[in-house]
Amino acid sequence: MTKIYLKVWYFYLIYLLFATISSAGMTYGILSSGYVLDDVLNNDKTKLIIDSIFIIAGIAIFSLFSNFNNFIIKPRAIKKMNLLLRKLIIDKINAMSYEEYSSNGVGTYISWLTNDVDIIESTVFESSFTISNIIPQFFIIGYSFYSLNWILGLIAISSSLLCTIIPFLFVKSNIKYQTKISSQSELLSEDLLSYVNGYQELSYRNKKRLYTELVNDANLSYEKTKSKFLIFRNFQSFLSNMITISSQSILVIVSLYLFTINKTSAGAFLSSPGIAYTFFVAIFTFSRLISTIKSTKEVVLKYKNVKVENDYEPSTINFENIIVKDLNYSVEDKIIFKDFNLSIKNHNKYLLIGESGKGKTTLFKIIFSLIHNYEGEIKINNKLNYKDIDQRDIWNLISYIPQENILYNSSLKNNITLFNKTINDSEVIDVLNKVNLGYLLDQMSLNDHLNNDANNISGGEIQRIAIARALLQDKPFMILDEITSGLDEKNRNNIESLILSLNKTILYISHTTKIENNNFDQIIKL
Ligand SMILES: Nc1ncnc2c1ncn2[C@@H]1O[C@H](COP(=O)(O)OP(=O)(O)O)[C@@H](O)[C@H]1O
Ligand SMILES: [Mg+2]
């Protein structure tokens, strides 16, 4: 968060300058309005007219400064800050380990990027501007009171202190609400996401009503909490308003009394409630703001120490082999690997078979360095221990293709390049031909849009697109996890012969492929 503030400090400088000018001008305007009463009482008509013109013109001009701040400077700064904040959140997601990332649903991350940004914008960012507004106000108003009468100042200050206490009384409940809203927003995003994804399923089953009911339920519980919180906060404002109103009345009475005993002018009597009001608003906003920042602490702290991935220097590893030695791995007391050994040599092709639940995918996750809490040793080229090298070095060596491959809601080209803008069209066409998808270009252009419902793209074609993606990245070792499990035999044979023709190290995981009819270098049975 501090990083964000450091990047936009100049906005605050301008804001503070304009806020100081406008509060000084406006307060002086209110103060002077009292003098008009003195002019009336002294029957000085010329001075009355001049004073009035000055006051009206002054207030108009100075309000321009505060409007400029709030209408121009603040929105621009907030835009920039939100951009930086989302970048920070993305960096945080990027820096998460596989285990950490998969401990949350996708909706959680959507909520971070939407709800959390809203919360931080409306509390932390907004508040920091309010503080810049209040600081000059305090000094100027304090001075105004002093110039009127110190007793008035004393009353204003003591009742302000009372106002300040109110929000602090409710900090704990505020934190509870804020945390609840955050988690409900994450839940709402999760739910909305699964309902939107499941829309087709539910509508094909003629369950559209269920779809709307599910969405409404998630929506309702989130909005309920939000509205409860709002009412609770309004109650706090109500208490503070009561104190403010009573203090103002006291100020009017005291200044009237001071006027009758000639301790202050009639003008002071007229302007003191106005100044007091500005003062109370300032002090109340200030205290409420501190309590809001406190109650959003949890949200803010999540993004405190975000490591950005720019310090990574890829090391050059000429892939020769990967040796898995005495691998032991259990999940929840279930032994999946016991003293398991495996040697993968460059340019060899391996078929990994085994019934469902035997640990094929787990082995892939271990070799791909997604799982780290195993026992045993895995080394690259007989010397680099997995546990000593950067995970990203391993990802640079291995590309993987999962069982279910998705199409992105984007062009055919982006679906192949994975949004890498440096790859040009001819490279894409090349790789399409390599995976026998060249004919697609007779039906569509590279810029045509694909999506998951593309009924012109078959399951086998999606798997080929996934292989094309991996080929473009050109890593020496490819792991393919049950990529043909949804395909018929003809398509499966087709893909298998494509895989076998590639000039790469291949670990092909399949529980449907028959051992007899293949051309793999080695078959590993789990
Ligand atoms: N996150 C997990 N929590 C509990 N059990 C798991 C988890 N991941 C895998 N397993 C268990 O590990 C075993 C191997 O799973 P997996 O590697 O996916 O098998 P395969 O790919 O061969 O079908 C399974 O019995 C599964 O129940
Ligand atoms: Mg599996």
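Throughout, read-outs are computed from the coordinates displayed, never taken from laboratory work. Values in this document were obtained by computation on a predicted structure and should not be read as measured data. All Cβ positions, glycine included, derive from the backbone under ideal geometry; neighbour counts span all protein chains shown.
Scanning the chain for trypsin sites (Lys or Arg not before Pro) in DSSP loops with at most 11 other Cβ atoms within 10 Å, what's the longest stretch left with none?
1-204
Mind checking segment 353-383 for GluC sites (Glu not before Pro) that DSSP puts in a loop (not H, G, I, E or B) and that have at most 15 other Cβ atoms within 10 Å?
Answer by residue number: GLU355.
Kindly write out, for segment 101-118 in residue order, the coupling ³J(HN,Hα) from the Karplus curve 6.51 cos²θ - 1.76 cosθ + 1.60 (θ = phi - 60°), rounded to whole Hz, with x marking Gly and Pro.
With the stated coefficients, segment 101-118 comes to 4, 7, 6, 10, x, 4, x, 4, 5, 5, 5, 4, 7, 10, 4, 4, 5, 4 Hz.
Among the listed pairs LYS176/LYS224; LYS325/LYS475; LYS365/LYS504; LYS338/LYS358, which are separated by more than 21 Å between their Cα atoms?
In this structure, LYS325/LYS475 exceed 21 Å between Cα atoms.
For segment 167-183, in order, what is each residue's ³J(HN,Hα) by Karplus, 6.51 cos²θ - 1.76 cosθ + 1.60 with θ = phi - 60°, in whole Hz (x at glycine and Pro)?
Per-residue couplings from phi come out as x, 5, 5, 10, 3, 4, 5, 4, 4, 4, 4, 4, 5, 5, 4, 4, 6 Hz.
For the chain, find the longest principal axis of its Cα atoms and tell me its angle to the long axis of helix 425-434, 0 to 90°, nearest 10.
That works out to roughly 40 degrees.
Suppose every K and R has +1 on its Cβ and every D and E has -1 on its Cβ; what is the size of the dipole of the chain about the Cα centre, in Debye to the nearest 20?
Charge dipole, the chain, about its Cα centre: 1180 debye, nearest 20.
Take the Cβ-Cβ distance between GLU375 and ALA95 as r, set R0 to 30 Å, and report the resulting FRET efficiency rounded to the nearest 0.05.
With a Förster radius of 30 Å, E is 0.65.
Please report the antiparallel percentage of the DSSP beta bridges confined to the chain, to the nearest 5.
The answer is about 50 percent antiparallel.
Under 12 Å Cα-Cα from LYS74, which aspartates and glutamates qualify once same-chain neighbours fewer than 8 residues away are excluded?
Excluding near neighbours in sequence, the set is GLU121, GLU126.
What list of ³J(HN,Hα) values in whole Hz, one per residue of segment 379-389 in order, does the Karplus curve 6.51 cos²θ - 1.76 cosθ + 1.60 (θ = phi - 60°) give from phi, with Gly and Pro shown as x?
Once rounded to whole Hz, the list reads 10, 9, 6, 6, 10, 8, 7, 3, 6, 9, 9.
May I ask you to derive the relative contact order of segment 321-525, considering only C-alpha pairs under 8 Å and at least 6 residues apart, and to give it as an integer percent?
30
Under a Cβ-Cβ cut-off of 12 Å, what is the net charge of the residues other than GLU320 that fall near it, where Lys and Arg count +1 and Asp and Glu count -1?
+3
Tell me which GluC sites (Glu not before Pro) from segment 164-230 have a DSSP coil assignment and no more than 15 other beta carbons within 10 Å of their own.
none
Express as a percent, rounded to the nearest 5, the fraction of DSSP beta bridges in segment 321-525 (both residues included) that run antiparallel.
Counting only bridges with both partners in segment 321-525, antiparallel ones make up about 50 percent.
For n ≥ 4 DSSP H runs only, could you compute -39500 (n - 2.57) per run for the chain, divide by its residues and tell me the 222 nm figure to the nearest 500?
-20500 deg cm²/dmol
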